[in-house]
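Novice: Following this message is one structure expressed as structure tokens.
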């Protein structure tokens, strides 16, 4: 089994698209800025994050029409230099909720939210597991 992507069901597709493409600087697969679907890839690694219009999935399943409440997801992205990346994305409009700060002796993290309230965790690995 291989993780293909984390998919977020969103109501404001355009705002989320701009966040992942313009603020976090992930590469969109097709450039479908108005949806109903787009996959974003980091500069390295194989798994990505995808956005899908919530109404489209509601039509398919007939049960997800209501907006999500609470923290329903967490997108985790690994970066090489957390401080530099946080400064870079703050300059593009990101509003950090927490960090950069140590989470463990092996990892530093920062947290922010996308326009739909999905949590994004940025990780800098200090030590790899043996």
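The values are calculated or read from the model by the stated rules, or taken from the named source; none is laboratory data. No experiment lies behind these values; they were computed from the predicted model shown. Heads up, the Cβs are rebuilt from the backbone with ideal geometry, glycines too, and the neighbour counts pull from every protein chain shown.
Novice: Please specify each residue of the range 11-31 satisfying the condition of being in contact with a helix residue (DSSP H, G or I) (Cβ under 7 Å, 6 or more places away or on another chain) and at pLDDT 90 or above. Working first, answer last.
Specialist: Kept after step one, since they are in contact with a helix residue (DSSP H, G or I) (Cβ under 7 Å, 6 or more places away or on another chain), are these residues of the range 11-31: 11, 23-24, 26, 28.
Result: 23, 24, 26, 28.
Novice: From the list 74, 119, 61, which residue is farther than 17 Å from residue 26 by Cβ, modelled with pLDDT under 90 and out of contact with any helix residue (DSSP H, G or I) (no Cβ under 9 Å at 6 or more places or on another chain)?
Specialist: None of the others qualify; the one that does is 61.
Novice: Mind listing whichever residues of the range 109-130 are more than 17 Å from residue 85 (Cβ to Cβ) and touching a strand residue (DSSP E or B) at 6+ places or on another chain (Cβ under 9 Å)?
Specialist: Once the filter is applied, which keeps residues that are more than 17 Å from residue 85 (Cβ to Cβ) and touching a strand residue (DSSP E or B) at 6+ places or on another chain (Cβ under 9 Å), the range 109-130 yields 115, 116, 118, 127.
Novice: Tell me which of these residue 95 doesn't satisfy, since it passes every other one: (1) more than 22 Å from residue 5 (Cβ to Cβ); (2) under 15 Å from the mean Cα position of the chain (by Cα); (3) at pLDDT below 90.
Specialist: In the conditions (1) more than 22 Å from residue 5 (Cβ to Cβ); (2) under 15 Å from the mean Cα position of the chain (by Cα); (3) at pLDDT below 90, residue 95 misses (3) alone.
Novice: Can I ask one more? Could you tell me whether residue 111 is under 14 Å from the mean Cα position of the chain (by Cα), outside any helix (DSSP H, G or I), within 24 Å of residue 124 (Cβ to Cβ) and at pLDDT below 85?
Specialist: no
Novice: Please identify the pairs in which a residue from the range 70-96 that is on the phi > 0 side of the Ramachandran plot has its Cβ atom under 6 Å from the Cβ atom of a residue that is modelled with pLDDT of 90 or more, counting only partners at least 6 apart or on another chain.
Specialist: Between residues of the range 70-96 that are on the phi > 0 side of the Ramachandran plot and residues that are modelled with pLDDT of 90 or more, the close pairs are 93/23.
Novice: Right, something else. In the range 82-108, how many are surrounded by fewer than 19 Cβ atoms within 10 Å (Cβ to Cβ) and either in a helix (DSSP H, G or I) or out of contact with any strand residue (DSSP E or B) (no Cβ under 7 Å at 6 or more places or on another chain) (or both)?
Specialist: 10
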